[in-house]
Amino acid sequence: MKAQLLKIPLQVDQSFRIKTDIAKKFYNQWHYHPEIELVLIVEGSGTALIGDGIINIKSGDVLLIGANLPHMFRSDVEQGDEQLITESLTIHFLPEIFETFLALPENEAIVKLLKKAFVGISVLGETKKKITELMQAISYVYKTMRLISLLEILSVIANSEETKLISNKAIKLYANKQDEARLNRIYQYTLNNFARKITLAEIANVIHMVPHSFCRYFKSRTKKRYSLFLLEVRVSHACKLLTESDYSIAVIAYESGFMNASNFNRHFKLITNKTPFEYKKQFQSVNS
């Protein structure tokens, strides 16, 4: 999938970058870069599109995004409340900075981790807590200790079973600048309007295409139908409401863009292999 190539600046005395971003919203453009990205969501919540995966993000989440894997983040609140902010701590590093070192047999687990990162990894459980501590500490060490700290972070993730893959497959990049703008418009429009009915003619018009051409275009770039993408966005939002609110199933269905509860139940199970009730019950059981 084509995305904007983002250039990551480096200081002359550094081999990788550590950066804190505080803003009213996350960087919401579909983009990629040759650097591997390790990001800690310090403050804020929203939706992340990573490769062909869609996940909800919130404060405390840790994500590992592989080199050249297209992604974007969208804040829950893009406009309105001036008091709301987002904060993220991000480490960007090129895969080759440890190339010779990682060839050593002792580092096999880290090599496997970086290969898995090509589809994106979400860090979970106690490992997420440990990585949060290490990422917050790395900002205060310098020179060789920075490299050692980064290797420690990667080693902890690599040797943990508390991880989950985000995307189903690596995404092919296209060199067409027009694709970048088109896909950004499609994604932004969908994320802003999924709670109501979006017709095929309407979304096609966003990039000035007729419906038939739009369907072929979207599937050729994303390897999935637009109707499935829209469904995944709606179910992702429903998952968020099921775990973070006391709304009834009927209200959650309506807020997520489904016409009725039976339609909601059927499509929710199609995506998650669980009914909304089963999903909420499992979440409550794990967290208790």
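The values are calculated or read from the model by the stated rules, or taken from the named source; none is laboratory data. Note that this is a predicted model, so its numbers are computed, not measured. Here Cβ is always computed from backbone atoms with ideal geometry, including for glycine, and neighbour counts include all displayed protein chains. Just so you know, the surface numbers come from the protein's heavy atoms only, side chains and all, with ligands and any DNA or RNA stripped out. Shrake-Rupley method; radii C 1.70, N 1.55, O 1.52, S 1.80 Å.
Before moving on, here are some points about what is shown:
- The lone exception for residue 134 - which of (1) in contact with a strand residue (DSSP E or B) (Cβ under 6 Å, 6 or more places away or on another chain); (2) open to solvent by 20 Å² or more (accessible area, probe 1.4 Å); (3) aliphatic (A, V, I, L, M) it fails: (1)
- Residues within the range 124-157 that are in contact with a helix residue (DSSP H, G or I) (Cβ under 7 Å, 6 or more places away or on another chain), β-branched (Val, Ile, Thr) and within 21 Å of residue 98 (Cα to Cα), tallied: 6
- Condition met for residue 183 (within 25 Å of residue 51 (Cβ to Cβ), among the hydrophobic types (A, V, I, L, M, F, W, C), open to solvent by 80 Å² or more (accessible area, probe 1.4 Å) and touching a helix residue (DSSP H, G or I) at 6+ places or on another chain (Cβ under 7 Å)): no
- The combined condition, being open to solvent by less than 80 Å² (accessible area, probe 1.4 Å) and either at pLDDT 90 or above or among the aromatic types (Phe, Trp, Tyr) (or both), is not fulfilled by residue 118.
- Some residue of the range 266-286 being in contact with a strand residue (DSSP E or B) (Cβ under 8 Å, 6 or more places away or on another chain) and of a type in the set (Lys, Arg): no
- Qualifying residue in the range 72-87 (condition: within 18 Å of residue 166 (Cα to Cα) and in contact with a Leu (Cβ under 7 Å, 6 or more places away or on another chain)): yes
- Hits in the range 229-278 - residues which are open to solvent by less than 60 Å² (accessible area, probe 1.4 Å) and of a type in the set (Phe, Trp, Tyr): 229, 258, 264, 268
- Answer from 274, 224, 197, 240 - the residue that is under 22 Å from residue 167 (Cα atoms), in contact (Cβ under 8 Å) with a residue 12 or more places away in the chain, assigned to a loop (DSSP other than H, G, I, E, B) and not hydrophobic (A, V, I, L, M, F, W, C): 224
- The range 118-167, subset among the polar types (S, T, N, Q) and under 19 Å from residue 17 (Cα atoms), residue nearest to the chain's Cα centre (by Cα): 132
- Subset tally (residues that are open to solvent by 10 Å² or more (accessible area, probe 1.4 Å) and among the aliphatic types (A, V, I, L, M)) for the range 39-49: 1
- Selection within the range 81-106: residues that are at pLDDT 95 or above and β-branched (Val, Ile, Thr). The member of this set that is surrounded by the fewest Cβ atoms within 10 Å (Cβ to Cβ) is 90.
- Residue match in the range 21-38 (condition: in contact with an Asp or Glu (Cβ under 6 Å, 6 or more places away or on another chain), modelled with pLDDT of 90 or more, surrounded by fewer than 20 Cβ atoms within 10 Å (Cβ to Cβ) and outside any strand (DSSP E or B)): no
- Scanning the range 1-18 for residues that are open to solvent by 70 Å² or more (accessible area, probe 1.4 Å) and either assigned to a loop (DSSP other than H, G, I, E, B) or at pLDDT 85 or above (or both) gives 7, 9, 10, 11, 12, 13.
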